[in-house]
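Worksheet for the structure shown next.
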Amino acid sequence: MSKPVRKAVIPAAGFGTRFLPFSKSVPKEMLPIVDRPVIDFIVAEAVAAGMTDILIITSRHKKVMEDHFDRFPELEVALEAKGKSDELKQIVDITKQANIHFIRQGEALGLGHAIGMAEAHVGDEPFAVLLGDDIMHERAGVLSGMVDAYNTHGSSVVALMEVDPQDIGSYGCAATESTDNDRLKKVTGLVEKPKPEVAPSNLAVMGRYLFTPTIFEEIRKTGPGVGGEIQITDAMLSLLDREQMLGYTFSEGRFDTGKKEDYLRAVVELTLERDDVGPAFREILADVCRREGLV
Ligand code: UTP
């Protein structure tokens, strides 16, 4: 019987160069979707999939993330005194949804290295990895589906989405075989950012992983790869020599908020869904679209 998946690791220590100059002083994981930072959505997804312990990998210029998940007694007292009970509940609930821990990656040596920082905390347990800038819509149910797959098969699982073949060079790419479950593939190979001509498929690795603890042994053995970074894809490739790995396929609901266009899409789609500001935002959008001749 496999151990349950109860720990999640959220790497959020990267430089976020695609979001400069904003990300020079504010982490891209704190970009707002109206009044909630991106990292809030990631933590909420982990909690919804059953995680009770969350480790955020951060760095020295990203302290504001720790403040976001910490108590703020003076503000709590002020909100209470003003009778702002909804706001008070919101800021306290953020701190109570799970045990949230932080560890610093001293140098941004790559995603594989960032995940390796979690070894002592995770120990001998399976764990989920959610990239700190990748929002998955709850209707896609990606992480929950991956946890179900792990519970059934006991092997590592990685999220895969079909992309335009011309775009595969921006992602980790998986070679796969079918299984008797339409959603699940058997991963037979992995390559980081392949040229489209040599890519084994158009299935891209997308921001969610569920690993057995054996991955840490492989990360320790992994040297710098593409771009001089310690790539998780390389460690996963060595893991494949030892263990079965599954791909959990999904087709929609992913926003790479570290990329400007995708961030804007996330703001628009997720704001439209809100009960409070959604209706007013719809009017604003309709107005802008009419003015710009888009409808
Ligand atoms: P990205 O490549 O999207 O993030 O890594 P980045 O390097 O910050 O962004 P750009 O390319 O410079 O714009 C995916 C996730 O892995 C984390 C990032 O914070 C992001 O959440 N990461 C990446 C680390 O935690 N450490 C690293 O060394 C690299």
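Descriptive notes on the structure:
- Checking the stated criteria, residue 177 turns out to be of a type in the set (Asp, Glu) and either touching a strand residue (DSSP E or B) at 6+ places or on another chain (Cβ under 6 Å) or part of a strand (DSSP E or B) (or both).
- Selection count, the range 138-169, where residues are under 18 Å from the mean Cα position of the chain (by Cα), assigned to a helix (DSSP H, G or I) and β-branched (Val, Ile, Thr): 2
- Of the helices (runs of 4 or more DSSP H) contained entirely in the range 22-85, those carrying at least 3 residues that are touching a residue at least 60 places away in the same chain (Cβ under 8 Å) and within 27 Å of residue 147 (Cβ to Cβ) fall at 38-48.
- The residues in the range 152-199 that are over 17 Å from residue 232 (Cα atoms) and open to solvent by 70 Å² or more (accessible area, probe 1.4 Å) can be counted, and the count is 16.
- Total residues in the range 222-252, condition away from the ligand (no atom under 16 Å from the Cβ), open to solvent by less than 50 Å² (accessible area, probe 1.4 Å) and not in a strand (DSSP E or B): 4
- Among residues of the range 9-20 that are closer than 30 Å to residue 52 by Cβ and more than 6 Å from the ligand (Cβ to nearest atom), those with a Cβ under 7 angstrom from a residue that is outside any helix (DSSP H, G or I) and of a type in the set (Gly, Ala, Ser), sequence gap 6+ or separate chain, pair up as 9/118; 10/132.
- Among the residues here, residue 219 does not qualify as crowded, with 22+ Cβ neighbours inside 10 Å, closer than 25 Å to residue 137 by Cα and within 16 Å of the ligand (Cβ to nearest atom).
- Residue in the range 253-268 that is in contact (Cβ under 8 Å) with a residue 12 or more places away in the chain, part of a strand (DSSP E or B) and either farther than 16 Å from residue 172 by Cα or out of contact with any Asp or Glu (no Cβ under 9 Å at 6 or more places or on another chain) (or both) present: yes
The values are calculated or read from the model by the stated rules, or taken from the named source; none is laboratory data. Only a predicted model underlies this, so the values are computations on that prediction, with no experimental measurement involved. No Cβ is skipped: glycine too gets one built from the backbone with ideal geometry, and neighbour counts run over all protein chains shown. In case anyone asks, the SASA skips ligands and DNA or RNA and just uses the protein heavy atoms, side chains included. Shrake-Rupley method; radii C 1.70, N 1.55, O 1.52, S 1.80 Å.
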